[in-house]
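Written below as structure tokens is the structure these notes are about.
Rule-based calculations on the coordinates, nothing more; no lab input. Computed from a predicted model, the values in this text were never measured in an experiment. No Cβ is skipped: glycine too gets one built from the backbone with ideal geometry, and neighbour counts run over all protein chains shown.
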4 protein chains.
Amino acid sequence: ENRARFLIKCPDQPGIVAAVSKYLYDHEANIVASDQYTVDPEGGEFFMRIEFECPDLLVRAEMLEEGFLPLAEKFQMNWKIMYVSELKNIAIFVSKEPHCLLELLWEWQSGDLMANIALVISNHETAREMVESLGIPFYYIPANKEIRIQVEQQQKELLGQYDVDLIVLARYMQILTNDFVKGYENRIINIHHSFLPAFIGAKPYERAYQRGVKMIGATSHYVTSDLDEGPIIEQNIGRVDHRDNEEGMKKIGQSIERSVLARAVKWHLDDRIIVHRNKTIVF
Amino acid sequence: ENRARFLIKCPDQPGIVAAVSKYLYDHEANIVASDQYTVDPEGGEFFMRIEFECPDLLVRAEMLEEGFLPLAEKFQMNWKIMYVSELKNIAIFVSKEPHCLLELLWEWQSGDLMANIALVISNHETAREMVESLGIPFYYIPANKEIRIQVEQQQKELLGQYDVDLIVLARYMQILTNDFVKGYENRIINIHHSFLPAFIGAKPYERAYQRGVKMIGATSHYVTSDLDEGPIIEQNIGRVDHRDNEEGMKKIGQSIERSVLARAVKWHLDDRIIVHRNKTIVF
Amino acid sequence: ENRARFLIKCPDQPGIVAAVSKYLYDHEANIVASDQYTVDPEGGEFFMRIEFECPDLLVRAEMLEEGFLPLAEKFQMNWKIMYVSELKNIAIFVSKEPHCLLELLWEWQSGDLMANIALVISNHETAREMVESLGIPFYYIPANKEIRIQVEQQQKELLGQYDVDLIVLARYMQILTNDFVKGYENRIINIHHSFLPAFIGAKPYERAYQRGVKMIGATSHYVTSDLDEGPIIEQNIGRVDHRDNEEGMKKIGQSIERSVLARAVKWHLDDRIIVHRNKTIVF
Amino acid sequence: ENRARFLIKCPDQPGIVAAVSKYLYDHEANIVASDQYTVDPEGGEFFMRIEFECPDLLVRAEMLEEGFLPLAEKFQMNWKIMYVSELKNIAIFVSKEPHCLLELLWEWQSGDLMANIALVISNHETAREMVESLGIPFYYIPANKEIRIQVEQQQKELLGQYDVDLIVLARYMQILTNDFVKGYENRIINIHHSFLPAFIGAKPYERAYQRGVKMIGATSHYVTSDLDEGPIIEQNIGRVDHRDNEEGMKKIGQSIERSVLARAVKWHLDDRIIVHRNKTIVF
């Protein structure tokens, strides 16, 4: 593929678009899609995502990146170029409930998840068969509060070994340490089974049922050291009524969780998400 | 009209439906719609709403109600019959933002709100013209924390004078005292401009914007002494993204608030809502 | 299980509910859920679905049904009792695209599809592995216009052999003959990949793209001899925009198809659907 | 205001974005928002909308436009600059049902419709009071098939007199002649009360009820000489079930119509819509 994505973040000032688009033009790159956003028109932050095509892209990549340095410096840019042909390596963490894992495997099988599912790590054996039947390595690492450090040590070794770019917590019910999280900043996506910030923490469906809400939801977000407080990527909801008990809400919720997590993962893989403070810009 | 609604709440046991439907049949009533719900199959609470038609209903009403007493006693029923021809009297409370009030007035004008809007009470003069132009009495009662008791005294007198059955808080930004609320149990409907229980309290759009949510919502609920904790009647949401600032969220939210409040008020007027503990059953 | 569902269809007249509920009470049946609907208040058709529990239900079933005959005659009822413990046998027909089949298999695996998936019939080999790996018989019957009669003969034999109650066309791209359809009246559910009656017939996504619609949809319906004209059970839609080409619409559409078909099949299995002329009443 | 929108349509080729953004930069314009789209990566059509701010914009406008001519010629651009400070003049056409008109008036009153509602034309007197009470001229022009030409003559005179930029058919139930439509190409927005292309033509709710659909919809589109076949701008739907008769569907539909039309009108006023063949690109 000769396609890549240019992600830029810098203080807003006139001339950024002109400079970048001229640079790409001078390198024979054709802009396929372009999005930009300024947080605050007056002296705010500027964000841009440009998808472009360029003949012999991989041959020129180094030149393209090095040549950009002066411009990047001039505009104080935080930037990167992501090459579509370089598939990201994903690790999926899962506990007992397999629905989110299954959705991802399914999307992957039908060619809609442009990534390499490198491995699945679980603190249960439940999902082994479905994972291994697809030729994906499955690692069973029992986990609990007491052995958290050792468990994460094992996990980190595997993540390093498989050169993992993105961790997806597909209903992984263990809390990660700050230390672990910091090693994968904005690269761990979690699905929380409520419409955040409602029902932060454990047992959201139970609490939703107790509260008598008329809609339940799910939220995918990047994981930070504050539980369920990381930048939200995507949310959705489903209707419930008085006939739906906790179990019924859970069933309805599972199908929301599946699609909300899959969408977030795809957007991440498409380099559509830029994190700014505790929010996401999704282009 | 010869139409009425029978609302029943009692401990579940076999034979309730048979007894009630036989009673109605013996009084020449034809059942038009019927809904029932049991909280818990084993020894739970039973709820029923029957809509029926009966020739000369208003003539027979007294007889119909008195004749039911033995059955009601036998099954330990909490019950009432609501006659469709007896329109409920509504008082609408509003502060500065008129969108929810406008929606209700509009529905009422086009004949979709089967009630008598008896009066509008506001702590601002903003809405006077649009209310009075429809021939509805408008009362301006300035309000703030310090004079709460006196204000509510004035309001209660008006509510009594107009024989009000239902109070609708259409973005009324004053907190009501427990004393006031108790006088209208399950008869005050509020619209809260968030997806409860997220963003309880003041400035939900501001906090939604700060949190970076991808959806905002509105919740209509009965008012209890716990702020924003009363039984939820209806909720809905709308999508937002990083381009929507607080002001943009507010705009999107207003149209959600309008429809969520109007739906709740109509369901109440149709006697579709039964409150059970801190939840609603909406038939 | 001691649970069953009573489905009734008869000319509306006073006393039906009283008679049926008394009958159930006399047989010690406790009504768990009850829904009714009258097409036209004046001399219209009456429909009822009662879910009830009764000790030793299967032992009493015969007696319960026979004893009801006089009442059924009196009210000219079209009725049946469906026993929850008697799982229905499903045959799934599928062509190349497996997404709807997969959704059904998945729901079935997680215990949410209360039925026996008796067999899968396909005019392609694509799905064999995933079906057989679950221990479900898979039959490959190549099909095309010319050999329709013979193909259907083979299919009918299999359906008879497995005592099939419900046929689900999970993206089966062959047209069925009138003769075949008549043998399974209101027992063949199809998923059409458009928001009917828009884009009846072939290639709906292609035509949706050509027309420039902003939403695409899916429709599940009972199959009749008029192509895509049978009674609609459920519909849903998804948003698209100018960036979505035909392929993109198809992807978005597939996830709508999956959920719309699964919902329709579950409602059928729960005996919630009554067909009246060319419409469905879904209780 | 110093804000304007640059709309461009031209054959795709490398360098367009670079050239335009450099041009704007050279004229001290700061790009606030930018969207682009290419129909077909290979030799397709390119579309761009740039929102920019520029000091003393109105003073420089002429210079800005003239200076752009060489570039426009080079890239064979179809282009225009729309100045936010130049409010568009709207004429609203309405028949008996006022709900869509009301929604627009309401949005306008609350400052959310950035336009000048120049006049309202109706073939009924129904809406006169609500329109005139807002100080907007109201013209009653009775209309029917036989006098179509004369009626349109009168209408065209008024449109000229008020210098109308956009005609909104807010449930105007008369068909316009090709001649009339051609005079306002892509400048007449209609609301059709169905999910197009379902139920083209008259009485869509009646036909939706007959067909037994489970969702009804509304579609806003530009008017062309083919009835209900013009480029679709926006669509939305609402759920209905067997309990909703034609009248019920109409009520549910009206609130969908209101919001779908208002959104389309706002997008047009924001110069977000580009028509390409028979489709819209909505930036």
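Can you give the mean number of other chain Cβ atoms that lie within 10 Å of the Cβ atoms in peptide A:22-32?
Working: counts 7, 1, 4, 7, 2, 1, 2, 2, 8, 9, 5.
Counting other chains' Cβ atoms within 10 Å and averaging over A:22-32 gives 4.
If chain A were replaced by its equivalent ellipsoid, with semi-axes equal to the square roots of 5 times the Cα gyration tensor eigenvalues, what would those be, largest first, whole Å?
Working: eigenvalues 260, 105, 61 Å².
The equivalent ellipsoid of chain A has semi-axes of 36, 23, 17 Å.
Show me, bin by bin at 20 Å from 0, the whole-percent P(r) of the protein assembly as shown based on Cα pairs.
It works out to 10, 37, 39, 13, 1, in whole percents.
Measuring from a point 7 Å out along Cα→Cβ, what nm distances, shortest first, does D:E28 have to its partners in the other copies?
Label point to label point, same position, other copies: 4.0, 8.8, 9.4 nm.
Along its principal axes, what span do the Cα atoms of the stretch A:200-252 show, with the longest given first and each in whole Å?
36, 19, 16
Given the options B:H27, B:H192, B:H221, state which has the largest fluctuation in a GNM of chain B using a 10 Å cut-off (strictly under) for Cα springs.
Ranking B:H27, B:H192, B:H221 by mean-square fluctuation puts B:H27 first.
Along Cα→Cβ, 7 Å out, is where each label goes; now give me the distance between the ones at A:E229 and B:E229 in nm to one decimal.
Label-label distance for A:E229 and B:E229, simple model: 2.3 nm.
Note down the nm distance, to one decimal, between modelled labels 7 Å out along Cα→Cβ at C:L58 and at D:E73.
Taking the simple label geometry, C:L58 and D:E73 are separated by 9.0 nm.
Could you tell me how many degrees, from 0 to 90 and to the nearest 10, lie between the Cα long axis of helix A:99-109 and the main elongation axis, the longest principal axis, of the Cα atoms of chain A?
The angle comes out near 40 degrees.
Take every residue in peptide B:212-220, count the Cβ atoms of other chains within 10 Å of its Cβ, and give the average of those counts. Display every interim value, and only then the final one.
On the way: counts 13, 7, 14, 8, 0, 5, 0, 3, 1.
What the average comes to for B:212-220 is 6.
Provide, for q = 0.12, 0.13, 0.21 Å⁻¹, the log10 of I(q)/I(0) from a solvent-free Debye sum over equal Cα point scatterers in the stretch C:100-156.
Taking Cα atoms of the stretch C:100-156 as identical point scatterers yields -0.33, -0.38, -0.82.
Output the direction-averaged projected area (hull surface divided by four) of the convex hull of the alpha-carbon atoms of the stretch D:134-283, in nm². Intermediate results must be reported in sequence, preceding the final value.
Working: hull surface 39.9 nm².
Directional mean of the projected Cα hull area for the stretch D:134-283 stands at 10.0 nm².
Just want to confirm a number: the relative contact order over the stretch B:220-283, from Cα pairs under 8 angstrom separated by 6+ residues, in percent. Working shown, then result.
Values: 60 pairs, mean separation 21.3, N = 64.
About 33 percent, as a whole number.
Using Cα-Cα distances under 8 Å and only pairs 6 or more residues apart, what relative contact order does the stretch A:1-119 have, in percent?
Working: 164 pairs, mean separation 38.8, N = 119.
The normalised contact order for the stretch A:1-119 reaches 33 percent.
Quick one: label points 7 angstrom along Cα→Cβ at A:Q13, distances to the other copies in nm, smallest first?
3.3, 8.3, 8.9
Under unit Cβ charges (Lys, Arg +1; Asp, Glu -1), what dipole magnitude, rounded to 20 debye, does the protein assembly as shown have relative to its Cα centre? Can you show the working numbers first?
On the way: 124 positive and 168 negative charges, 0 e Å.
Roughly 0 debye for the protein assembly as shown.
Could you list the residues of the stretch D:71-101 with an amide nitrogen less than 19 Å from a label point located 7 Å from the Cα of D:Y139 in the Cα-to-C-beta direction?
What the label zone holds, given the 19 Å backbone N cut-off, is D:88-96, D:101.
Mind scanning B:K22/B:K80; A:K80/A:K266; C:K203/D:K203; A:K250/B:K80; A:K96/A:K250; C:K250/D:K279 and naming the pairs with a C-alpha gap bigger than 23 Å? All intermediate terms of the calculation are to be shown ahead of the outcome.
Numbers: B:K22/B:K80 17 Å; A:K80/A:K266 19 Å; C:K203/D:K203 27 Å; A:K250/B:K80 35 Å; A:K96/A:K250 14 Å; C:K250/D:K279 18 Å.
Table pairs above 23 Å Cα-Cα are C:K203/D:K203; A:K250/B:K80.
Let me test this: with uniform point scatterers at the alpha carbons of the stretch D:59-169, what is the Debye-based log₁₀ I(q)/I(0) at q = 0.10 1/Å?
Computed log10 I(q)/I(0) values: -0.42.
Can you give me the angle between helix A:246-269 and the longest principal axis of chain A, using Cα atoms only, in degrees from 0 to 90, rounded to the nearest 10?
The helix A:246-269 is inclined about 20 degrees to chain A.
Under 20 Å from the 7 Å Cα→Cβ point of D:K156, by amide nitrogen: which residues of the stretch D:209-237?
Those under the cut-off are D:223-227.
Just to be sure I understand: of the beta bridges DSSP finds with both ends in the protein assembly as shown, what percent are antiparallel, rounded to 5? Present the calculation step by step, with values, prior to reporting the outcome.
Values: 152 of 219 bridges.
Restricted to the protein assembly as shown, the bridges split so that about 70 percent are antiparallel.
In square nanometres, what is one fourth of the surface area of the convex hull spanned by the alpha carbons of the stretch B:81-131? Please list the in-between numbers first.
Details: hull surface 15.4 nm².
Result: a mean projected hull area of 3.8 nm².
Using per-residue counts of other Cβ atoms within 10 Å, averaged over each peptide, order C:134-146, A:109-121 from highest down. Working shown, then result.
Values: C:134-146: 13.3, A:109-121: 17.5.
For the peptides C:134-146, A:109-121, the packing ranking is A:109-121, C:134-146.
What share of the DSSP beta bridges in the stretch B:98-230 is antiparallel, in percent to the nearest 5?
On the way: 4 of 10 bridges.
Of the beta bridges lying entirely in the stretch B:98-230, close to 40 percent run antiparallel.
So what is the calculated 222 nm ellipticity per residue for chain B, using -39500 (n - 2.57) for each DSSP H run with n of 4 or more, over all residues, to the nearest 500 deg cm²/dmol?
Working: 8 runs with 97 residues, N = 283.
Only helices count here, giving -10500 deg cm²/dmol.
Considering only the label points, 7 Å along Cα→Cβ from Cα, what distances in nm to one decimal separate C:M63 from the same position in each other copy, shortest first?
Reported distances to equivalent positions: 4.0, 9.3, 10.1 nm.
Using a basic spin-label model with each label point 7 Å from the Cα along Cα→Cβ, how many nm lie between D:D163 and B:E86?
Result for the modelled spin labels: 6.2 nm.
Considering every pair of different Cα atoms, what Kirkwood radius, in Å, is found for the stretch B:3-83? If you can, show how the numbers build up before the last one.
Working: mean 1/r = 0.0780 Å⁻¹.
By the Kirkwood definition, the hydrodynamic radius is 12.8 Å.
Take peptides A:95-102, B:100-107 and line them up by average Cβ neighbours within 10 Å, highest first, as a rough protection proxy.
Details: A:95-102: 20.6, B:100-107: 22.5.
Ranked by mean Cβ neighbours within 10 Å, highest first: B:100-107, A:95-102.
Could you pull the Rg and Dmax for the stretch C:240-283, using just the Cα atoms, both in Å?
For the stretch C:240-283, the Cα-based Rg and Dmax read 15.0, 41 Å.
Pairs of alpha-carbon atoms within less than 8 angstrom and 6+ residues apart define the contacts here; what relative contact order does chain B have, in percent? Could you put the intermediate results ahead of the total?
On the way: 507 pairs, mean separation 42.5, N = 283.
15 percent.
Closest approach to the A-B rotation axis by any Cβ of A: residue and distance in angstrom?
A:A198, 2
Output the 0 to 90 degree angle, nearest 10, between the alpha-carbon long axis of helix C:16-26 and the longest principal axis computed from the alpha carbons of chain C.
The angle comes out near 70 degrees.
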